[in-house]
1. What's the center-to-center distance, using Cα atoms, between the stretch 353-404 and the stretch 208-275 in Å?
2. List residues of the stretch 365-404, by number, whose backbone nitrogen lies under 20 Å from a label position 7 Å along Cα→C-beta of residue 219.
3. So if R0 is 30 Å, what FRET efficiency would residue 49 and residue 111 give, r being the distance between their Cβ atoms, rounded to the nearest 0.05?
4. Only helices at least 15 Å long along their axis, Cα-based, and averaging -1.0 or more on Kyte-Doolittle count here, so list those DSSP H runs from the chain.
5. Does the stretch 81-239 classify as rounded, prolate or oblate by the C-alpha gyration tensor (a ≥ b ≥ c root eigenvalues; a/c under 1.5 gives rounded; else a/b over b/c gives prolate, otherwise oblate)?
6. With r as the distance between the Cβ atoms of residue 307 and residue 277 and R0 = 22 Å, compute the FRET efficiency 1/(1 + (r/R0)^6) and round to 0.05.
7. At 222 nm, what helix-only mean residue ellipticity would the chain give, in deg cm²/dmol to the nearest 500, using -39500 (n - 2.57) for each DSSP H run of four or more?
8. Rounded to the nearest 0.05, what FRET efficiency is calculated for residue 59 and residue 79 with R0 set to 30 Å and r the Cβ-Cβ distance?
Amino acid sequence: MLLSKEKTLSIFNNIIFFCLILYSLTFLFHLKINFLVTAFYFALFKYLIFRPKITINSKHIHLIILFIFCAFLSLIFNDVHSINSSYLSEFKARFISPLTAFLLAFFFRFTEKNFLILLSGFALFLSMNALVILYQSTFLGQTGRLTGLVNENAYMLLCVNLLIVPVIFTYAIYDKKLDDKLRYFFLFTILINIPAIIFENTRIVWIGLSIVFPIILFFSIKNKIKLISIIIVALLSISCIFYTSPSSMQRFKSITNINYENQSNSERILMWQSATKMFIEHPIFGVGIANYHDEYITSYRSPLARENTTHPHNTLLYFLSETGLVGSLPLVILFSYLFYNVLITFIKKKNTISLAYLMCLTAYTINNMTDSLFSSNSCELLTYIFYLFTGVYLSLNNYISTIK
């Protein structure tokens with residue numbers, strides 16, 4: 001007996017959502033199967049069967065397509081290397097594959113309820129990872145770049161905190177309609193992750209969260225005396241945590257140190273100078289996607305540099321050097337529109353998802369000032385999750401709607 005259309009749709013939606021839950025519980029592991037992409041394929045198959053009418057009430061998809069198309073032009077027309085299969089493979093990994101996380105919102109309807117369940121999955125994984133980091137630091141006495149459940153060589157993936165933690169925190173204290181049990185769980189996630197993030201010793205994460213957390217508090221707490229009191233208590237508590245970890249305190253003091261002895265900071269400045277020179281000499285199409293490392297090593301590496309970097313630790317400079325003005329201007333336009341759209345939406349609606357996405361976008365942009373984390377060749381994971389949250393934001397604000 002054939003299933004009804006409604007029953008078939010329900011089965012597809014349950015499979016898609018189950019894949020998303022699996023992704024939220026495993027996203028930092030290097031599994032052979034990407035459950036987010038799997039969810040997209042099921043959603044696309046569902047769309048091809050039922051062909052619902054999709055309406056789009058924003059320019060997000062148009063600007064993303066423009067951005068990817070212009071990046072592809074730099075792949076073809078750069079004057080450094082001709083195109084080959086390895087370059088096409090990297091272009092796919094950095095620009096095309098992560099887009100599935102964004103397109104998922106066109107074929108699967110996100111609701112406030114299923115997004116909160118998905119966010120709970122992310123919160124659970126981050127809490128478990130935070131507990132492992134606290135165990136490593138407190139009971140094992142480990143120092144340095146602690147990563148918990150994540151491979152120790154993949155510590156930059158923990159910059160994902162700047163994407164997910166602001167969203168969790170926003171829902172925990174701004175959403176007045178949130179179920180109390182879920183609110184307490186989200187608050188626990190934040191409290192357990194604060195010391196873990198300190199012990200992870202990723203300075204840009206500290207900076208990003210120290211900027212967006214007070215903003216979230218400002219919009220969430222109307223009583224300014226209470227707001228100031230909470231911020232003071234938080235600062236004192238965080239200071240105490242830093243003093244328990246000499247390595248974290250040392251990392252904190254190094255934030256503004258640009259002396260040559262401080263390799264992390266001085267090396268970044270040298271990378272930025274090299275990337276700028278690369279752009280100046282190849283201003284239109286850059287050196288081409290996937291050519292940055294070879295060009296840096298052979299022609300642009302400073303004699304003072306001590307690292308053979310694959311990117312300049314700055315997203316805009318990465319695109320200027322690899323894609324020139326052709327690829328970088330659409331990137332600037334895209335992010336400018338993202339900020340403009342979410343600001344206008346939050347002013348009009350004052351809803352939780354808009355503030356959460358604004359904070360996510362702000363923290364992610366801050367992160368991209370000192371790292372290459374958007375359409376990068378080493379941290380595609382962050383591009384996936386950023387696109388996923390962008391799609392959720394559009395869906396929950398009805399910028400994407402589906403008519404059956």
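Any read-out appearing in this document is the output of simple, stated calculations on the displayed coordinates, not a laboratory observation. Because the structure is a prediction, the values reported are computed rather than measured. Ideal geometry is used to build each Cβ from the backbone, glycine not excepted, and the neighbour counts take in all protein chains shown.
1. 23 Å
2. Under 20 Å, as judged by backbone N against the label point of residue 219, lie 365-368, 386-400 of the stretch 365-404.
3. It comes to 0.90.
4. The answer, listed by residue number, is 5-26, 35-50, 60-77, 112-138, 161-174, 180-200, 203-220, 224-243, 263-281, 315-349, 352-370, 380-396.
5. Oblate is the answer for the stretch 81-239, as a/c is 1.5 or above yet b/c matches or exceeds a/b.
6. After rounding, the FRET efficiency stands at 0.85.
7. -23000 deg cm²/dmol
8. Approximately 0.40, to the nearest 0.05.
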